[in-house]
Structures are given as C-alpha cells and as structure tokens.
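All of the numbers you see were taken from the coordinates with simple rules; none came from a lab. Just so we're clear, the structure is a prediction, and the values are computed from it rather than from any experiment. Neighbour counts run over all protein chains shown; Cβ positions are idealised from the backbone, glycine included.
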Amino acid sequence: MTTLIGYARVSTDDQNASLQQDALKSAGCVKVFTDKASGTLASRPQLDRMLDQLRPGDVVVVWRLDRLGRSLKNLIALVEDLAEKGVGFRSLTENIDTTTNGGKLVFHIFGALAEFERTLIRERTMAGLAAARARGRVGGRPPTMTPEKIKVARQMYDSREHTVEAIAQTLGVSRKTIYRHLAPREGSSLERR
C-alpha cells in the first residue's frame, strides 16, 4: 500500500508553511515534515528525519520542486536515492510523479528549468547590486557611529570625566563600539576604564 509523506520548507522564520502543508494534506499525505531553513543548507533536520522514516512503497510529496533540493544536482541525487529505496516522488505544482516513466522524464526537465530560474534570479540580483554600487549606494545597515558621535565620544573620553561605559550609554552603543572607534592614535594607547 502506498503511503504519501509530505515535505514542506520555508526559507525564514517570517514565512508561513501553512499553504504548503494544506496542499500536501489535501493531496492525501498522512504526515508532513516541515523545515524552516534556506534551501542552500546541507542539513535540514526535518528532511533528514523524514528520509530516515521512509519505507519501500512510500511516496514523498512536495508542493513545488524547489522546496526539496538545494540545486538541480542535489534534487536529482535525492530523487534517485529515493528510487533506489523503492520510494516515489511527486511534486504537486509541477504535476510530476516519478512512479511513472513520463513523470521521470518531466522531473528531469522541470528540475533543469528550476535550476535555470534560480541562476537567472541570482544573476539579476548581482547585477542590481553592482548597478547600485556604481551609483554610490552601499548595502547593509547604516553605521551606528556617525562622525558627530565619534567626535563627542573622543571629547568625553579625553576629558577623563567619563568611563567608557558611560560614553557608550550616552551614545546608545556598546563599549566594544566605543573602543573600536576610539582606537589608539599613533604612539598612544586607549586605556580601559
């Protein structure tokens, strides 16, 4: 008897897997394993747990191909490993079922297309970042220590009336940040106080 086992994955804790889980349960999955991890990570605890529990005749069901594999190579290797164990594979969105010959062919074609799409997205992202840098925009969070804050920190420190802790609290930063920005000038040392 065939048992359908679902696998769902979202990339971040902010994302919700309920859409995938509902689709998998509607497809007849008796159990759904869900990971909250990037698809690029080699270790996904729920995926590993599911793989350990599979038996010959089971069918792994995913909502979409990219929910399972890190890359085309990984996806194909994973589905081939399942086949060696007598376990089938289905993807609901792409309507792929490797328990049929036609499904095996479609799986390889869709897998190649999914990898191609990820590569295009990565290339567009890198091109967009490069264009932004060329226009003088730099990504990342703004610095916590502005030139004005550094000047105030230096004046407070040089007055010897304030501890580094008090300077940090006044400016709303950590002591480590103060030490980093008040690094010793040539020939002097920043004493810890």
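Some points to look at:
- Measuring how big the chain is from its alpha-carbon positions, Rg and Dmax come out at 26.6, 81 Å.
- Of the GluC sites (Glu not before Pro) found in the range 105-178, the ones in coil according to DSSP and having at most 15 other Cβ atoms within 10 Å of their Cβ are Glu161.
- Amide H contacts for Val32 (H built 1.01 Å from N in the peptide plane; partners 5 or more residues away or on another chain; cut-off under 5 Å): Gly6.
- Full extension of the segment from Arg55 to Leu105, taken as 0.36 nm per residue of separation minus the current Cα-Cα distance, would add 15.6 nm.
- Among Phe110, Phe116, Phe33, a tally of other beta-carbon atoms within 10 Å of each Cβ gives an order, fewest to most, of Phe116, Phe110, Phe33.
- Extension gain for Phe116-Ala130 works out to 2.9 nm (0.36 nm per residue, less the C-alpha to C-alpha distance).
- Inverse of mean 1/r across different Cα pairs in the range 2-99, Kirkwood, Å: 13.2
- Over the C-alpha trace of the range 78-149, radius of gyration and Dmax come out as 21.9, 69 angstrom.
- Environment charge of Glu94, counting only residues whose C-beta is closer than 15 Å and scoring Lys/Arg +1, Asp/Glu -1: +1
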